[in-house]
1. If you take the residues in region 41-59 that are near ligand 2 (Cβ under 9 Å from one of its atoms) and in contact with a helix residue (DSSP H, G or I) (Cβ under 9 Å, 6 or more places away or on another chain), which one is nearest to Ala117 (Cα to Cα)?
2. Just to verify a result, which residue in region 89-104, among those that are buried (at least 17 other Cβ atoms within 10 Å of the Cβ) and part of a loop (DSSP other than H, G, I, E, B), is farthest from the chain's Cα centre (by Cα)?
3. What's the number of the only condition in (1) more than 9 Å from ligand 2 (Cβ to nearest atom); (2) of a type in the set (D, E, K, R); (3) at pLDDT below 95 that Glu16 fails to meet?
4. Return yes when Cys60 is crowded, with 17+ Cβ neighbours inside 10 Å and within 12 Å of the chain's Cα centre (by Cα) and no when it is not.
5. Give me the pairs, please: first residue somewhere in region 46-66 and small (Gly, Ala, Ser), second residue anywhere and within 7 Å of ligand 2 (Cβ to nearest atom), beta-carbon distance under 8 Å, and either six or more positions apart or on two chains.
6. Just give me the residues in region 3-45 being out of contact with any Leu (no Cβ under 9 Å at 6 or more places or on another chain), assigned to a helix (DSSP H, G or I) and under 26 Å from Ile57 (Cα atoms), in sequence order.
7. Report the residue count in region 4-43 for those that are loosely packed, with under 10 Cβ neighbours inside 10 Å and more than 16 Å from ligand 1 (Cβ to nearest atom).
8. When residues of region 70-96 are filtered for being under 23 Å from Thr42 (Cβ atoms), within 13 Å of ligand 1 (Cβ to nearest atom) and free of Cβ contacts under 8 Å to residues at least 12 places away in the same chain, how many remain?
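The values are calculated or read from the model by the stated rules, or taken from the named source; none is laboratory data. Keep in mind the model is a prediction, meaning the values are calculated, not measured. Note: ideal-geometry Cβ built from the backbone for every residue, glycine included; neighbour counts use all protein chains shown.
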Amino acid sequence: MEQKENRFWETKSLKEMTKTEWESLCDYCGLCCLYSVQDGKTGNIKLLAVACQHLDISACRCVVYNERFKTVPDCMKLLPDKIRRIKRLPYTCAYRSLAEGRELERWHPLVSGDPNAVHEAGVSVRDKVVTGVHVNPDEFNYFTSGK
Ligand code: SF4
Ligand code: SF4
């Protein structure tokens, strides 16, 4: 059984985490790498079933991770005090969950100990999206698993 002292996400705030702890919060669902559209009237964000061209949609990993902000200037930058203001961060995202005072889900790799659990739970974008350079929202379906 995992030692209580290793469950840093339950004892530290997002701001208190080390860089390694912070990075380990990502469950590699790939949801934040999907294109999105915003409803002009309600302001609600809808995710499209189209991912950034730099997302490996099988592994759900960014292939330019260390250069992502240079490569894609509007790639989402996550900072502890910014999380709650990022509207297109999905409900299931671990950063958003902790920022909103929720627990990590049981499929999260830190909880389950299994990096594949996020895919098996159907939360990730694996096998559900395509990648696209040019996106016309009228030509793609919405990604419907997230909230
Ligand atoms: S939505 Fe959150 S948990 Fe999922 S890949 Fe993006 S940062 Fe990681
Ligand atoms: S550059 Fe990488 S992290 Fe940024 S949106 Fe594209 S795939 Fe995701």
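1. Leu55
2. Across region 89-104, the extreme among qualifying residues is Leu104.
3. (3) is the only condition that Glu16 fails.
4. Answer is yes for this residue.
5. Ala51/Cys33
6. Residues satisfying the conditions are Lys19, Thr20, Glu21, Glu23.
7. Residues flagged as loosely packed, with under 10 Cβ neighbours inside 10 Å and more than 16 Å from ligand 1 (Cβ to nearest atom) within region 4-43 amount to 8.
8. Residues in region 70-96 being under 23 Å from Thr42 (Cβ atoms), within 13 Å of ligand 1 (Cβ to nearest atom) and free of Cβ contacts under 8 Å to residues at least 12 places away in the same chain: 2 in total.
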